[in-house]
Structures are given as structure tokens and as C-alpha cells.
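**Student:** The structure is given below, and queries will be raised subsequently.
The values are calculated or read from the model by the stated rules, or taken from the named source; none is laboratory data. All values derive from a computational prediction rather than experimental measurement. Don't worry about glycine lacking a Cβ; one is built from the backbone with ideal geometry, like all the others, and counts go over all protein chains shown.
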Amino acid sequence: MPTYLIVTRYLKHKNGWDPLRLQSVMAIALALGALVGAGCSKAKKTAAEPPPPTAQEIQQAEIEHKPVPSPTTAAAIAPLATPNGQPDLAEMNRTMIRWIVGHRRPPANFEEFAATAGTPIPPPPPGQKYIIAKNMHVQLVNQ
């Protein structure tokens, strides 16, 4: 007996179509269709991965990618100092704000900030030292 006859017999009621049965069968059919549609596709293969680099290729890459010193390197090494060699406290405060945002907490002391700032801190002038004030600004004080 064909499937559609079984389904129509099940859905027929003595007084006509049973709407509750029809609704439940339609819901089941939609759910099964969604499952079949979602699960029947084959996973698409991505492009073949390239083979791992050889030792010679790694050495060549290291040779080609070495940084070349430039005139701007000196500025990148000491951005927290002014041209006359004095510490640039405004830039140091901006670095402090970036540090606080990145670590999501204030540093315990200036030494912790200087060690993890990622930027070289210029030495303080003779007879002075750096501190972090209560307002989270870097200040120079006498020793």
C-alpha cells in the first residue's frame, strides 16, 4: 500500500479531515525535512594545505625578514623622552593609561609599570625618581 494512502487514512476522520492530526503530521514532516536538509550536505573540502616549510625555506625567510635599522628607530626606542633628553611625562602618562586599560587594573608601583610597559622608560634626572601619584599620573620627585 503506498505511503500517501496510509497517511490519508490516518488523517481521515469519520466526519472528514481531522485538523489536529493534520497539524501534528505537518509539524513532524517539517521538522524531519529540516533535519534531513541540514544533515545531508557533505562537508566541503578546503584547499589542500601546503606542506610544512623545509629548513632551507625557514632560513631564507629569517634572512629576508630581519629588521633594517632606520633613522626612525632611535625615536621608537625612546619615545618617552624629549629631544633634549628630559623625560616626556605627558607621553608617559598616556602610556600609563594604555597600560591600565590593557591590564584592567592600576600598577602596584612604578617599577611594575616600567617592567611591563613595553616601552623603554628613560632614566630620571639625577637626584629624582619616578612615582605614580594617586591620580594615576607619573611624577618626578626628589629622592
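**Student:** Is there a residue being within 23 Å of the chain's Cα centre (by Cα), assigned to a helix (DSSP H, G or I) and modelled with pLDDT of 70 or more anywhere in segment 106-113?
**Tutor:** Checked against the condition, which is being within 23 Å of the chain's Cα centre (by Cα), assigned to a helix (DSSP H, G or I) and modelled with pLDDT of 70 or more, segment 106-113 yields no hits at all.
**Student:** Give the residue that is surrounded by the fewest Cβ atoms within 10 Å (Cβ to Cβ), with candidates limited to residues of segment 118-140 that are aliphatic (A, V, I, L, M) and closer than 19 Å to residue 85 by Cβ.
**Tutor:** That would be 140.
**Student:** Same structure, new question: Does at least one position in segment 74-83 carry a residue that is at pLDDT below 70, surrounded by fewer than 11 Cβ atoms within 10 Å (Cβ to Cβ), under 30 Å from residue 131 (Cβ atoms) and not β-branched (Val, Ile, Thr)?
**Tutor:** yes
**Student:** Name the residues in segment 76-105 that are among the polar types (S, T, N, Q) and either in contact with a Gly (Cβ under 8 Å, 6 or more places away or on another chain) or in a loop (DSSP other than H, G, I, E, B) (or both), would you?
**Tutor:** Those that are among the polar types (S, T, N, Q) and either in contact with a Gly (Cβ under 8 Å, 6 or more places away or on another chain) or in a loop (DSSP other than H, G, I, E, B) (or both): 82, 84, 86.
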